[in-house]
Amino acid sequence: MLEGKIALVTGASRGIGRAIAKELAAKGATVIVNYSGSEQAAKETVNEIRGNGGSAEEMQCDVSDFNACNQMISAVLEKYGQLDILVNNAGITKDGLLLRMSEADYDAVLDINLKGAFNTIRHASKAFLKQRSGRIINIASVSGILGNAGQANYSASKAGMIGLTKSVAREFASRGICVNAVAPGFIASDMTEKLPQKAKDELTALIPLGRIGQPEDVARAVAFLADPSSDYITGQVLCVDGGMAI
């Protein structure tokens with residue numbers, strides 16, 4: 001259980017991030033719900049957590065902004081005096097074939113998905129190292145393991161996140177800080193709901209377990225890695241993908 005723990009979840013206003021925030025709060029953590037643009041959606045996440053008896057607050061920050069991340073982490077530490085769990089979930093997609101991909105679309109995805117994780121870890125690192133404890137959980141993707149046509153930018157960002165996870169895990173292990181990644185496969189979202197049934201069937205056919213995952217599947221994996229029961233696990237990539245990356 002996570003009573004007394006302070007957790008920061010980036011990109012937590014919707015989708016997988018919202019499910020993670022709710023799961024950590026249900027386990028007893030106080031959750032900072034980070035968002036970039038949608039304050040209303042972040043407030044909905046917070047209100048849902050509070051309505052279920054949990055503790056949460058929203059906090060705006062564009063994670064691609066190095067200085068803004070410093071201000072966000074500082075605000076958390078000033079208010080709560082600690083930070084125990086950092087979940088780097090914020091991410092975007094700007095899909096397209098490489099031959100047609102603009103430099104701006106490539107840079108935007110790398111800036112948020114990968115540099116955003118660096119920014120938060122960089123600014124939270126002093127607190128984690130001083131505490132000699134903590135959990136960092138980065139949300140990668142099977143696309144970062146297998147690659148995916150039309151997602152050169154996204155796949156590169158998620159593969160980079162896996163490398164970042166392993167490197168930071170080696171640097172922080174001597175201080176008792178565990179750093180891991182969760183790599184979701186096809187997860188139900190607003191985007192997948194809009195797909196034609198034929199496309200859904202084709203996606204499902206690629207999954208050995210025969211179903212598209214739910215955000216809660218990912219959230220439970222994150223909660224496990226945040227919990228003391230995972231104390232001897234670091235530098236790992238946990239695929240939550242129904243077997244896609246076997």
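Quick look at the numbers
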{"item": "Any hit, region 113-132, residues being in a loop (DSSP other than H, G, I, E, B) and farther than 21 Å from V222 by Cβ", "result": "yes"}
{"item": "Filter pass, G54 being of a type in the set (G, A, S) and either free of Cβ contacts under 8 Å to residues at least 12 places away in the same chain or closer than 18 Å to D227 by Cα (or both)", "result": "yes"}
{"item": "Complete set of residues in region 77-136 that are closer than 20 Å to V31 by Cβ, of a type in the set (A, V, I, L, M) and surrounded by 18 or more Cβ atoms within 10 Å (Cβ to Cβ)", "result": "L83, I85, L86, V87, A90, A117, I121, A124, A127, I136"}
{"item": "Residues of region 151-202 that turn out to be within 20 Å of I92 (Cα to Cα) and of a type outside the set (V, I, T), as a count", "result": "25"}
{"item": "Filtered residue count, region 83-109, keeping only those that are farther than 19 Å from P184 by Cβ, among the hydrophobic types (A, V, I, L, M, F, W, C) and in a helix (DSSP H, G or I)", "result": "4"}
{"item": "G210 being out of contact with any helix residue (DSSP H, G or I) (no Cβ under 6 Å at 6 or more places or on another chain), of a type outside the set (V, I, T) and on the phi > 0 side of the Ramachandran plot", "result": "yes"}
{"item": "Residues located in region 169-180, provided they are within 16 Å of T120 (Cβ to Cβ), aliphatic (A, V, I, L, M) and out of contact with any helix residue (DSSP H, G or I) (no Cβ under 6 Å at 6 or more places or on another chain)", "result": "A169"}
{"item": "Looking only at region 16-40, and only at residues there that are in a helix (DSSP H, G or I), under 17 Å from the mean Cα position of the chain (by Cα) and among the small types (G, A, S), the one that is surrounded by the most Cβ atoms within 10 Å (Cβ to Cβ)", "result": "A21"}
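Readers should treat all values here as calculations from the given coordinates under stated rules, not as data from a laboratory. Keep in mind the model is a prediction, meaning the values are calculated, not measured. Ideal geometry is used to build each Cβ from the backbone, glycine not excepted, and the neighbour counts take in all protein chains shown.
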